[in-house]
1. Take the Cα of Asp85, step 7 Å along the line toward its Cβ, and report every residue of the range 30-53 whose backbone nitrogen sits under 17 Å from that point.
2. If you keep only loop residues by DSSP, which trypsin sites (Lys or Arg not before Pro) in the range 55-149 have at most 15 other Cβ atoms within 10 Å of their Cβ?
3. Show that you can apply the helix-only estimate: for the chain, add -39,500 (n - 2.57) for every DSSP H stretch of four or more residues, divide by all residues, and state [θ] at 222 nm to the nearest 500.
4. Going by amide H atoms built from the backbone, whose H comes under 5 Å of the H on Asp304, apart from near neighbours?
5. State the percentage of accessible surface on the range 61-143 attributable to carbon and sulfur atoms; use a 1.4 Å probe and exclude ligands, DNA and RNA.
6. Ordered by residue, what ³J(HN,Hα) values in Hz, to whole numbers, does the range 327-342 give under the Karplus form 6.51 cos²θ - 1.76 cosθ + 1.60, where θ = phi - 60° and Gly and Pro are x?
7. Please compute the modelled spin-label separation between Glu183 and Arg317, points set 7 Å along Cα→Cβ, answer in nm with one decimal.
8. If you take the Cα atoms of the range 102-158, find Rg, then find the Kirkwood Rh from the mean of 1/r over all pairs, what is Rg/Rh?
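The values are calculated or read from the model by the stated rules, or taken from the named source; none is laboratory data. Since we're looking at a predicted model, the values are computed, not measured. In this analysis, Cβ positions are derived from the backbone assuming ideal geometry, glycine residues included, and neighbour counts consider all displayed protein chains. For accessibility, only protein heavy atoms count, side chains too; no ligands or nucleic acids. Shrake-Rupley method; radii C 1.70, N 1.55, O 1.52, S 1.80 Å.
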Amino acid sequence: MIRYIIFLFLIVGCNTNSQLYDIKLVSDSIKKKYAPDSRVALYDVKITSLNQSIIIKGETNILSAKKEIIYHLESIKVEYYDSLDLLPNYKYKNGIVNNSVGNLRGKPSHSSELVSQAVLGTKLKILKRTGEWYMVQTPDNYISWIDHGGIKVMSDKNFDNYYLNNYVFSDVYGFSYETINKEKIVSDLVLGSVLNVIDTESNYYKIRYPDGRIGLVDINSVISISSLHDNKKSESNLLEYALGLRGIPYLWGGTSTKGFDCSGFTKTVYMMNGLNIPRDASQQINEGKLIDKERKWSKLTVGDLMFFGYYKNGRRRIDHVAMWIGDGKFIQASKNVRINSVHSSSPIYDKYHMEKYIESRRIIGNETFGVKKL
């Protein structure tokens with residue numbers, strides 16, 4: 001009798017382990033389907049078992065993914081406990097970057113890696129809160145963490161009101177002031193800051209910060225959002241903004257004029273032409289139209305993005321992006337924002353990156369799914 005019980009226990013245990021393995025495989029396939037890039041979609045799910053029951057726990061911000069794993073569990077008629085959190089789960093859905101630059105980190109800690117930045121006025125979708133940190137999603141869907149000092153959490157109504165009359169700061173760097181004589185600074189400003197204009201005073205726009213502070217900004221330092229949308233995104237405009245950023249230092253995770261990484265630089269140039277492109281070089285390469293893979297530079301026009309990388313285990317790895325500016329030259333954020341040449345005979349030839357050249361793509365006029373209007 002004891003041997004029979006042990007044998008039965010082993011059979012049940014094997015069946016449970018086999019079932020658990022199959023469910024994990026299904027969960028993995030769901031992740032590949034809905035969240036192949038964890039930078040922009042969250043599916044952090046763990047499948048375990050307890051007393052012949054399946055426990056599903058973790059979190060996701062994709063309703064369809066949760067529905068699919070639950071449907072599978074019900075279809076195989078297994079007993080399960082649903083501890084899978086669906087995000088967003090915080091009482092407020094929206095926030096706005098409240099400082100000139102909001103630092104976005106990989107984990108809820110100031111010592112965590114700087115993965116990106118968002119400038120003043122950037123819309124943030126709040127996924128959840130942990131202590132004094134918020135998990136947020138930027139307009140390009142990038143998921144990261146921002147500390148409570150960098151974000152103003154607000155009701156839907158106040159959030160919408162901020163974007164009723166918007167202008168964009170168009171200087172590389174500057175300030176807002178308490179009075180028109182510029183005696184006291186309210187805050188610094190960086191290129192691309194989205195400003196809520198509430199009035200005009202002399203040659204200044206009066207702006208209201210997300211947290212309610214009031215400042216004055218020189219009218220000549222801002223342009224309207226509508227003008228960015230009306231902009232024909234000409235080569236000359238792309239070139240003007242790109243060249244105006246020369247000398248700004250390299251900063252891993254930087255997407256502001258306080259410091260750029262390679263894709264943060266190209267992203268900012270395109271933002272000032274009314275387009276929001278993906279955050280990282282490995283994402284940007286999936287957008288637009290393929291122009292060149294064979295180093296035929298005559299095919300390129302100003303504004304085309306050049307991608308660099310390598311192949312490992314048969315897979316392409318993109319680790320750098322630059323922008324073509326014509327005459328055999330490109331501009332990039334590497335050491336600092338600088339101009340280099342594709343020609344080995346040039347004194348500004350960039351041997352390191354040119355040995356890693358992969359291809360070039362055109363965004364303007366070929367706006368694909370990941371390219372959005374600002």
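1. Counting only backbone N, you get 41-47.
2. Lys77, Lys91, Lys93
3. Values: 8 runs with 86 residues, N = 374.
Helices in the chain give a 222 nm mean residue ellipticity of -7000 deg cm²/dmol.
4. Trp324
5. Here carbon and sulfur together make up 46 percent of the probe-accessible area.
6. 3J(HN,Hα) across the range 327-342, in whole Hz: 6, x, 10, 9, 10, 8, 9, 8, 6, 7, 6, 8, 9, 9, 10, 8.
7. The modelled label-to-label distance comes out at 5.8 nm.
8. 0.93
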